[in-house]
Amino acid sequence: MNKLRSKYIYFAVVLIGFIYILRLFQIQVLDDKYVNIAERISLRKQTVYPQRGLIFDRNKKLIVYNDPVYDLMVSVPIRLKGIDTAAFCQLLQIEREEFDTRLAKAKRASYRGKSVFQKNITNLIYARVQERLFEFNGFFFEIRQDRNYKYNSAAHLLGYLGEVNRNELKAQSEVYYEQGDFNGKKGVERFYENELRGVKGEEYFYVDKFGVARGSYKEGKLDREAIDGNNLLLSIDIALQQYGEKLLDNKMGSVVAIEPQTGEILALISSPFYNPEKFNIQNRGKFYNMAINDPTKPIFNRAVSAPYPPGSTFKPVMALLGIEDGAISKNTHFGCQGYYRLGRRIIKCHGHTFSTSLQRSIASSCNTYYCNTFKNMMQLEKYKNTEAAYNSWQTYLRSFGIGNKLGIDISGEYRGWLKDAAFYDKMHGAGRWNYARIISLSFGQGELGLTPLQIANIAASIANKGYYYTPHVVRQLENMESIPEKYLVKNYTMISPDNFDPVIEGMQEVTISGTAAHIAIPGINIAGKTGTVQNPHGKNHSAYMAFAPVENPKIAIAVVVEEAGYGSAWAAPIAHLMIERYLMGDSIGPSAREYLEKKMIDSDLIPYKYKSSRNKSLYGK
Amino acid sequence: MESKSRIDILSLILFVAIAALGVASVYSATYELGAESILEGRSGKQLMWFGVSAAIGVIIFLLNANFFEFFSMYFYVALMLLLVVVLGIGSDINGARSWIKIGSISIQPSEFAKYGTAFAVSTLLSSIDFSWNKGKDLIKIAAVILLPMGLIILQGDTGSALVFLSFFLVFYREGLTPAIIVIGLVAVIIFVLTLMFTSMYFSGGVVVLFLIFYAFTYSNKKLLIPSLRILGIVVLFSLSVQFLFDNVLQKHQQKRIQVTLNLIEDNQGAGYNVNQSKIAIGSGGASGKGFLNGSHTKGNFIPEQETDFIFCTIGEEGGWVYSTLTIGLFMAFILRLYHLGNRAKKKFKRIFICSLASIIFFHVIVNVGMTIGLMPVIGIPLPLISYGGSSVLAFCIFILTALKMDASRDGDLVSTYA
Ligand SMILES: [Zn+2]
């Protein structure tokens, strides 16, 4: 009997051994749950943030640089051991209760074994805590790059950084961002995010249960060094940009200046502007609501996002279309008695000589001339009806980039308003409308909205006699062979080069004997066109479009000053001052135009209704 | 009575292999970056204890072959006295008063008590007129086991006390009716069900079952009385389990049992150790993270990782390969020891060696089972592997004594299976 029992015991030993080995096989080999858990709790990935690419202006002046911010992190699972909590709280200048709340929150929000305890710690506190960090097991710093700025300028164009939001985290096809990372939210920071951000590095550590790093994981085989972002050379001239901002100070409006031969943006101003420093990671929290609540919309980038009826600045385009389409010739004259009659309706014109040539119609901004041109165009025999004629008209316009996004490398571009015939069919009924219904389009009013960028692009297209390069602010990207391809190809308008000559002559007359003659700049031939845009909500908008020098255009510019009055009074002087500054540079003497400059700078044209709600701290240093 | 001393080479190899695995594991479990060599620190100490054991082994092998059998009861009495002494002058470590401090060395008498008890059991069972049917003998054998168990429970070390249950395997081997084991199993089931549902619901359920049973068999009057008796015993047992559980066990002991039975989910308190231990072993994968590379071990996530939870280090750094090797070595060693016991010609030696095998078996099942969540958290060491002077010394002396008994078997009188 005992021999048998002895065998049973042998069997029991073998059986239990076998069961244990199988159980071990299950948890060690089959089930990878434990591997994941172990990595989650004993492996910490520490992110090494690269230097974000620096940003320079076209003359290689540094505009944007990096400013480290420190996040105090805590290891999770949190098992704080022997920490002098009181001393720690004192260093961080927080209450004990706050400490407990944050710790509990950190525990809930943990990701990859770590969690933020305090964000954006100042240099001063960082230095103090860093010195004694070894006393506080489980706490460590992560350093990220915030932005800072050499100039209080170009805020809209540069944009700003922010924390990656939930949608962006979800939308990324290849996981790069983690919660808490920064990315470009607006402006070039956003558009060139992938080039500027660089590549994050990673270091893996074992941590013990107190969160103290105990050595590198797999001898650092998984570690990756951070790769700094590419520096970005912008096409803007920061001096010109600053000058323009000075001129537009205390005004609502915009300036866009383009180099016609390349499409490079020389200056892009939206006013009111703000100090970009106030919108970096460390400061934005304090200023964001202030900016949002300001009725003058200081963070709205008018230059690329605000559509304005172009008003009379549209007339040169209208003339080009008329010639090209055969509605008028270069020599067409129309008589003007100071108004254009449309049945019972009268469209007023300004005082000028009775018979108007194409050139004079531009110089004196004759509405009648363009009402006639538009009427002819809509009634051309080659079109079977007004719809067809209108669609042809708007197709011409689209070839100038009107009604479409041009594709500038700044976020927030708006395509503006340009309706097709179907819109009017819907409004009036198909076949039940003609030129008379839409006559105001001929002088840039009505259902037409152009951004200052689009107006400047028209100036550049006329300067180039028929083509434009897609406007862009990038001049050179470090470590990249070239700037994006689309900025290197010519976009042709549907107008033949020859047809530009009379229009350019007319625009030149504007600054010699026309609406902008009073602010002509000696020594520089400027082709321009003023515009006074009817504004149903207040005073007229002052607009101007120009390029110079006429014989070899170096700068094309558009200026809009909201609720300011005549184009010749504000927009044109500002444009001329900028042209002069850009073309003459520092050789500009103690300007004879000092008075004009001073008047522009000192004038406060912010409508009275907004003045009380503006907050100046957004703008200053 | 002169005999050649021929030590069993296979057992010796397994013994040394397990010990070597143990020293390496202790070294890794206590390793700090840039720290000392294997000869220093805790692994060095562990090695030293093996050295001391080897020296004692030499003495054991020089002794007369019948020395142990002759002085058997003296060993038992002396070690029981030590257990009493520790209650008086012992020092508290981790809430258990089971240590005697002599200078800088702490000795844990409960580790040696198994050795002494094995002697007493062997002497009792091998006496010529011993019978499982005699009440006096049963009381004697029960007393021999219960005395050290009681004393060790008084020290507050329930885990070490439970080890004495391994003698039941020897008793079974020596003829105790298996009904005891069946009853034991039923008792365990009642125990678990009681803790799961409380004795009130359990008893209620049993009574309902009984009534259903009675409804089918009420014509058979003969069954009524015995089944009523069984019902009474079951209910009484359940009630006393509840009572003991609520009133005798301490809170942390209750919790340990509940966690093991999955009655409460607890990954922070008592369950923390088991959870971390499973994570460490499970994350080792098939071939492990490599010697000294266990991130979980190195992070000190597992408490007592060089003592009771030493198997985590093996599982994490050696993976399934080394955990299987460890289990395999132990199973081979245990089987070999049983074999040595079975081939002994003297009943005394047979029972002694089988006691050793059973005790190691129990330790391995419980210790490894605990680290992989198959057993409750009972703080007993993994023989020869867990760090600890008393444990190492006691097991080494135990094993060497058994090997000495086997080596000198040639001179013994033939005694077949009783
Ligand atoms: Zn007119």
Would you work out what percent of the accessible area of chain A, with all protein chains in place, is carbon or sulfur (probe 1.4 Å)? 50 percent
The FRET efficiency for B:I13 and B:N66, from their Cβ-Cβ distance with R0 = 25 Å and rounded to 0.05, is 0.40
Amide H within-cut-off set for A:D67, under 5 Å, with H built and near neighbours excluded: A:D146, A:R147, A:N148
So the carbon and sulfur contribution to the accessible area of segment B:185-254, 1.4 Å probe, in percent, is 79 percent
Among the lysines, which fall within straight-line cross-link reach of B:K101, defined as a Cα-Cα distance under 25 Å, with same-chain neighbours fewer than 8 residues apart omitted? B:K45, B:K114
Given a 1.4 Å probe and heavy atoms of the protein chains only, how would you sort A:E481, B:E174, largest accessible area at the top? A:E481, B:E174
Peptide B:311-317 - average C-beta neighbours from other chains (10 Å radius): 1
Can you flag which of A:K45/A:K185; A:K200/A:K297; A:K114/A:K185 are past 29 Å Cα-Cα? A:K200/A:K297
Among A:L133, A:N194, B:A215, whose Cα sits farthest toward the positive end of the charge dipole of the protein assembly as shown (+1 at Cβ of Lys/Arg, -1 at Cβ of Asp/Glu, about the Cα centre)? B:A215
Can you list the residues, at least 5 places off or on another chain, whose amide H is less than 5 Å from the amide H of A:R475, using H built in the peptide plane? A:L233, A:L234, A:S235
Once amide hydrogens are built 1.01 Å from N within the peptide plane, the residues lying 5 or more places from A:Y340 or on another chain with amide H under 5 Å from its amide H are A:I347, A:K348, A:C349
At 222 nm, what value in deg cm²/dmol follows for chain B if DSSP H runs of at least 4 each add -39500 (n - 2.57) and the sum is divided by all its residues, to the nearest 500? -23500 deg cm²/dmol
In peptide A:14-26, how many Cβ atoms from other protein chains are near each Cβ within 10 Å, on average? 6
By how many nm would the segment from A:A226 to A:R415 grow when fully extended, if each residue of separation counts as 0.36 nm and the alpha-carbon distance is taken off? 64.2 nm
Mind checking the dipole of segment A:258-396: about its Cα centre, +1 per Lys or Arg Cβ, -1 per Asp or Glu Cβ, Debye to the nearest 20? 560 debye
Karplus (6.51, -1.76, 1.60) ³J(HN,Hα), θ = phi - 60°, over segment A:277-294, in Hz, Gly and Pro reported as x: 4, 6, 10, 7, 4, 6, 10, 4, x, 6, 10, 4, 5, 4, 5, 5, 7, 6
Among A:A575, A:I27, A:M290, the residue whose Cα sits farthest towards the positive end of the charge dipole of chain A, when +1 is placed on the Cβ of each Lys and Arg and -1 on the Cβ of each Asp and Glu, is A:I27
Return the whole-Å distance between the Cα centroid of segment A:324-401 and the Cα centroid of segment B:54-75. 126 Å
Taking the Cα centre of chain B as origin, sum charge times position over the Cβ atoms of Lys and Arg (+1) and Asp and Glu (-1), and report the length of that vector in debye to the nearest 20. 1180 debye
Cα centroid distance between segment B:179-225 and segment A:270-285, in Å? 79 Å
For peptide B:328-336, how many partner chain Cβ atoms fall within 10 Å of a residue's Cβ, on average? 3
How far is the Cα center of segment A:424-492 from the Cα center of segment A:133-182, in Å? 36 Å
At a probe of 1.4 Å, how much accessible area disappears from chains B and A on forming the pair, both sides counted, to the nearest 100 Å²? 3800 Å²
Ignoring ligands, DNA and RNA, what accessible area per residue does segment A:524-611 give at 1.4 Å, in Å²? 41 Å²
Placing +1 on each Lys and Arg Cβ and -1 on each Asp and Glu Cβ in the protein assembly as shown, then taking the dipole about the Cα centre, the residue among A:Q145, A:N535, A:L4 whose Cα reaches farthest towards the positive end is A:L4
Over segment B:185-254, average the accessible area per residue using a 1.4 Å probe and give it in Å², no decimals. 72 Å²
For A:369-376, A:349-356, ranked highest to lowest by mean beta-carbon neighbours within 10 Å, the order is A:369-376, A:349-356
Give me the percent relative contact order of segment B:185-254, please, defined on Cα pairs under 8 angstrom at least 6 residues apart. 46 percent
Kindly write out, for segment A:420-437 in residue order, the coupling ³J(HN,Hα) from the Karplus curve 6.51 cos²θ - 1.76 cosθ + 1.60 (θ = phi - 60°), rounded to whole Hz, with x marking Gly and Pro. 9, 4, 4, 4, 6, 4, 5, 6, 10, x, 5, x, 10, 9, 9, 3, 4, 5
Unit charges on C-beta of K, R, D, E only; dipole of segment A:238-618, Debye: 1360 debye
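The values are calculated or read from the model by the stated rules, or taken from the named source; none is laboratory data. Not measured: the values here are computed from a predicted model. Methodologically, a virtual Cβ is constructed for each residue, glycine included, from the backbone with ideal geometry; neighbour enumeration extends over all protein chains shown. Keep in mind that these areas ignore ligands, DNA and RNA; they rest on the heavy atoms of the full protein, side chains included. Shrake-Rupley method; radii C 1.70, N 1.55, O 1.52, S 1.80 Å.
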